[in-house]
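Okay, structure first, notes after.
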Amino acid sequence: GIALIDSLPGHIYEVNPKFAQIAGRTLEEMLSIDWMSITHPDDVQEDLDNMTLLNAGKINGFNMEKRYILPDGSFVWIDMKITPLKAENETQPCHLCMIQDITAGKKAEEALKSSEERLRTIFNAAKNVSLIITDAQDPEPKVMEFSPGAERMFGYSSKEVRKCT
């Protein structure tokens with residue numbers, strides 16, 4: 001999605017249909033709000049800090065991942081790119097905001113992290129010996145993980161075993 005935004009108060013001048021769709025609003029609604037009103041409260045300050053640097057000419061643009069709050073209270077993760085535009089009236093700077101919905105990727109990332117944490121807990125709690133090695137077909141396989149049970153049985157720490165392989 002793409003929008004043209006007033007860099008000082010954050011009012012949205014123009015927006016394309018994709019931007020409005022990602023933000024969960026109509027084109028008309030988008031033109032009556034500012035970006036701060038739809039940005040998740042936890043993400044506003046970082047965005048404001050970047051806008052201050054942009055407006056002061058200290059940066060030429062910025063990228064950030066942040067959340068927009070949808071009308072139902074849920075949120076959508078976006079990857080946002082901001083670039084300033086030359087304005088005829090320099091007292092009223094504006095910028096181009098380009099967004100992409102990255103919610104699915106963020107959810108997959110969180111699911112993977114949760115799965116890894118569960119696996120780590122099970123691995124570390126195992127009473128038996130567990131090893132995780134690189135592909136056995138690898139000409140020089142390496143031990144990636146060495147369970148606490150293996151440390152007790154063999155008398156070597158996981159760090160020592162990884163260093164030797």
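The values are calculated or read from the model by the stated rules, or taken from the named source; none is laboratory data. Note that this is a predicted model, so its numbers are computed, not measured. As a convention, Cβ positions derive from the backbone with ideal geometry for all residues, glycine included, and neighbour counts pool all protein chains shown. Ligands, DNA and RNA are stripped out before the accessible areas are found, and what is left, the full protein with its side chains, is counted by its heavy atoms. Shrake-Rupley method; radii C 1.70, N 1.55, O 1.52, S 1.80 Å.
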### Message
Can you tell me which aspartates and glutamates have their Cα less than 13 Å from the Cα of residue 58? Leave out same-chain residues fewer than eight positions away.
### Response
49
### Message
Tell me the per residue accessible area of the range 51-105 using a 1.4 Å probe; a whole number in Å² is fine.
### Response
59
### Query
Based on the Cβ-Cβ distance from residue 2 to residue 120, what FRET efficiency comes out when R0 is 30 Å, to the nearest 0.05?
0.10
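Using a 1.4 Å probe on the protein chains only, how many percent of the accessible area of the chain belongs to carbon and sulfur?
Details: 5840 of 10630 Å².
Roughly 55 percent of what the probe reaches on the chain is carbon or sulfur.
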### Summary
Non-local residues with an amide H under 5 Å from the amide H of residue 75, with H modelled 1.01 Å from N and Pro and chain starts lacking one, are 70
#### Entry: Whole-Hz ³J(HN,Hα) from phi, Karplus 6.51 cos²θ - 1.76 cosθ + 1.60, for the range 106-117, glycine and proline x
5, 5, 5, 4, 5, 5, 5, 4, 5, 5, 5, 5
### Query
Scattering from the C-alpha atoms of the chain alone, worked out with Debye: what is log10 I(q)/I(0) at q = 0.11 1/Å?
-0.63
